[in-house]
1. Among the residues in region B:154-167, are any more than 11 Å from every other protein chain (Cβ to nearest Cβ), under 22 Å from the mean Cα position of the chain (by Cα) and closer than 16 Å to B:Arg236 by Cβ?
2. When the residues of region B:68-83 are narrowed to those that are under 15 Å from B:Leu238 (Cβ atoms) and more than 11 Å from chain A (Cβ to nearest Cβ), which ends up farthest from the chain's Cα centre (by Cα)?
3. Within region A:125-133, identify whether any single residue is more than 14 Å from chain B (Cβ to nearest Cβ), open to solvent by less than 70 Å² (accessible area, probe 1.4 Å) and either within 26 Å of A:Pro220 (Cβ to Cβ) or in contact with a helix residue (DSSP H, G or I) (Cβ under 8 Å, 6 or more places away or on another chain) (or both), and answer yes or no.
4. Taking region B:191-206, which residues are more than 7 Å from every other protein chain (Cβ to nearest Cβ) and in contact (Cβ under 8 Å) with a residue 60 or more places away in the chain?
5. Could you say whether any residue in region B:176-186 is under 21 Å from the mean Cα position of the chain (by Cα), more than 11 Å from every other protein chain (Cβ to nearest Cβ) and under 19 Å from A:Ser246 (Cα atoms)?
6. Return a yes/no flag: does region A:207-227 have any residue that is of a type in the set (Gly, Ala, Ser), within 14 Å of another protein chain (Cβ to nearest Cβ), surrounded by 19 or more Cβ atoms within 10 Å (Cβ to Cβ) and touching a residue at least 60 places away in the same chain (Cβ under 8 Å).
7. Going by the structure shown, is A:Val187 open to solvent by 20 Å² or more (accessible area, probe 1.4 Å), away from chain B (no Cβ under 14 Å) and closer than 17 Å to A:Leu87 by Cβ?
8. Do you know which residues across region B:92-106 are assigned to a helix (DSSP H, G or I) and either surrounded by 11 or more Cβ atoms within 10 Å (Cβ to Cβ) or among the polar types (S, T, N, Q) (or both)?
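The values are calculated or read from the model by the stated rules, or taken from the named source; none is laboratory data. Given the structure is predicted, the values throughout are model-derived calculations rather than measurements. Neighbour counts run over all protein chains shown; Cβ positions are idealised from the backbone, glycine included. In case anyone asks, the SASA skips ligands and DNA or RNA and just uses the protein heavy atoms, side chains included. Shrake-Rupley method; radii C 1.70, N 1.55, O 1.52, S 1.80 Å.
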Amino acid sequence: MSLTGRKPSEGARGPLLLRALALSVSGLLGTVIAFILLSGVEALVRGQGLGLLGAAWNPAGGKFGILTMIQCSLLLAFSSLCLGWFLSLGCCCALNGLAPRWAARGLLGLLTMMTAVPTVVYGFAAVFLLVPLIRDALGGTGFCWLTAGLLLALQGVPTMTFVMDGAVRSLAAETRLTATALGLSPVQHLSRVVLPLASRSLLSAAVLGLGRAVGDALLPTMLAGNAIRFAHSPLDSMRTLTAHISLVLSSDIGGGEHLSLLLAGALLLTFCAVFSLLARRLSQRARGARL
Amino acid sequence: MKSLRKLSCLFVFLLAVASSVSAAPLDAFKDLEGTLDIAGGTAHIPVMTQAAQDIMTFNPKIRITVAGGGSGVGVKQVGEGLAGIGNTGRPLKPAEVEKYGLVTFPFAIDGVALAVHPANPVKALTKEQVVAIYSGAVTDWKDLGGEPGAINLYGREDGSGTRETFTDKLLGKAELAPTVNVVNSNGAMKTAIAQDKRAIGYVGIGHLDSSIAGVAIDGHVPSQENAASGDYPVVRDLFMNTKGEPTGLTAAFIDYIYSEPGAKIIEKSGYIPIPKGKK
């Protein structure tokens, strides 16, 4: 009696509190997003229309184009994502039966440790180890797309691996008996049953990785060279939108430079939003096809 | 309980004694309060903010704000009464002095040294060669008498005071090559040059040490002494400007910059202090 009597009130109170929380948090988030987007639009309007989206950056001549940085941001993010995603997939498979148990345990420990390493440590180590290596082996200055891409891929691996691992582990446990009964080897089980079932998580890991790769400011600033031009080869120096924001912000100037920052911020937000919407659409389609 | 209170009293007393002893030049701020806004040159910012912090810690009734904007903004803001002190990295133009009635206080010399890896044999360049390097006309060290190899260009971000001095005094109107790598501090520049045998870049003179080698320009060797004596050409003075003779908090702030601790702050920021009334 008392149980049935209490349940509705608790059930009503819990969701109410949760709903209020959800509303206030999403309201806050919405305000921030609206503010960033509005600033971006304002920058476009005040910055003589499409001048801010041009290729020329020359503050002395009144040109504040950020097109080169958009190209560099996208190139760097997608290249490091490709590399990082496949590395993560490999790590995830190794953790789930493809590697001997001791190796899997070691890998898990390593990945857990890597999540705790601040980005600046990767950047600093790379300046002293990877940059000279690339400079001596491949030429150029060593501060380039390749260096930044490698490090960005590396820093994204633990997060993506854990997202994949979460799904793969539980799906593997669910289907193991059936798969074994059907005579599938562990490798076949993983590659034919679990991974296809986990496609949604694999995709969301990619979106997460892409968001981090496009949004990371420190590694590109420290490692990519920051020259303002279109990057054509992996050894070219490049400046990403995030690096641009951190470089120009450090000297607090008004005018065209400032507007270009607002626009860069709005663009970064738009990129991330578009990626995650696309991924959601794709994963829905994937689920629909399977059902 | 009692002894704890006694102990804390003693501690507070000691703290008060210690701060009053160490802060003798700050005594001028003891009875002052109010707000001072500072705007203008970006190279000044580290000096201004450190001084402002010292003063505001000593007397919390004083509020000092420091903003950038560049020399032009500095003149405009102080002239129109929007800021108490307007900083410039160049002498005032006669028209500006006349229009606003500004009084100027040079307080530091900002020198910028061209630097290469210590193992690089090229230790002297002409101004024309520097322009050719940074505009991308010369791209190989062998054209400058060094070991053959591509020149790796390093520069500073837009708005950097170091970059401004370097560009104004050496490059003039020359367009920069798009291949210039950008770093965002003197420290990062030193790291980049110290590791890269084919690098060339520039740092504030105060940041030259054995890890990188300064390059003489037209025979003038970059050093603090040469910058102070006027022998080294890539220097500029940093100025504070006020509208009319400064009074009250503004005057006290300017005096603090010229004081012993002020000079220390200036040196720590990589500049050479100028004593009051000189020049």
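1. Here is the first cut: in region B:154-167, the ones more than 11 Å from every other protein chain (Cβ to nearest Cβ) are B:165-166.
Pick out the ones that are also under 22 Å from the mean Cα position of the chain (by Cα) and you get B:165-166.
With closer than 16 Å to B:Arg236 by Cβ added as a condition, the list becomes B:165-166.
There is at least one residue in region B:154-167 that is more than 11 Å from every other protein chain (Cβ to nearest Cβ), under 22 Å from the mean Cα position of the chain (by Cα) and closer than 16 Å to B:Arg236 by Cβ.
2. The selected residue is B:Val78.
3. no
4. We begin by selecting, within region B:191-206, every residue more than 7 Å from every other protein chain (Cβ to nearest Cβ); these are B:192-194, B:197-206.
B:Ile193, B:Ala194, B:Lys197, B:Arg198, B:Ala199, B:Ile200, B:Gly201, B:Tyr202, B:Val203, B:Gly204, B:Ile205, B:Gly206 - these are the residues of region B:191-206 that are more than 7 Å from every other protein chain (Cβ to nearest Cβ) and in contact (Cβ under 8 Å) with a residue 60 or more places away in the chain.
5. Filtering region B:176-186 down to residues under 21 Å from the mean Cα position of the chain (by Cα) leaves B:182-186.
When the remaining residues are screened for being more than 11 Å from every other protein chain (Cβ to nearest Cβ), the result is B:186.
So of that shortlist, the ones also under 19 Å from A:Ser246 (Cα atoms) come out as B:186.
Within region B:176-186, one or more residues are under 21 Å from the mean Cα position of the chain (by Cα), more than 11 Å from every other protein chain (Cβ to nearest Cβ) and under 19 Å from A:Ser246 (Cα atoms).
6. yes
7. Spelling it out, it is not the case that A:Val187 is open to solvent by 20 Å² or more (accessible area, probe 1.4 Å), away from chain B (no Cβ under 14 Å) and closer than 17 Å to A:Leu87 by Cβ.
8. Of everything in region B:92-106, those that are assigned to a helix (DSSP H, G or I) and either surrounded by 11 or more Cβ atoms within 10 Å (Cβ to Cβ) or among the polar types (S, T, N, Q) (or both) turn out to be B:Glu96, B:Val97, B:Lys99, B:Tyr100.
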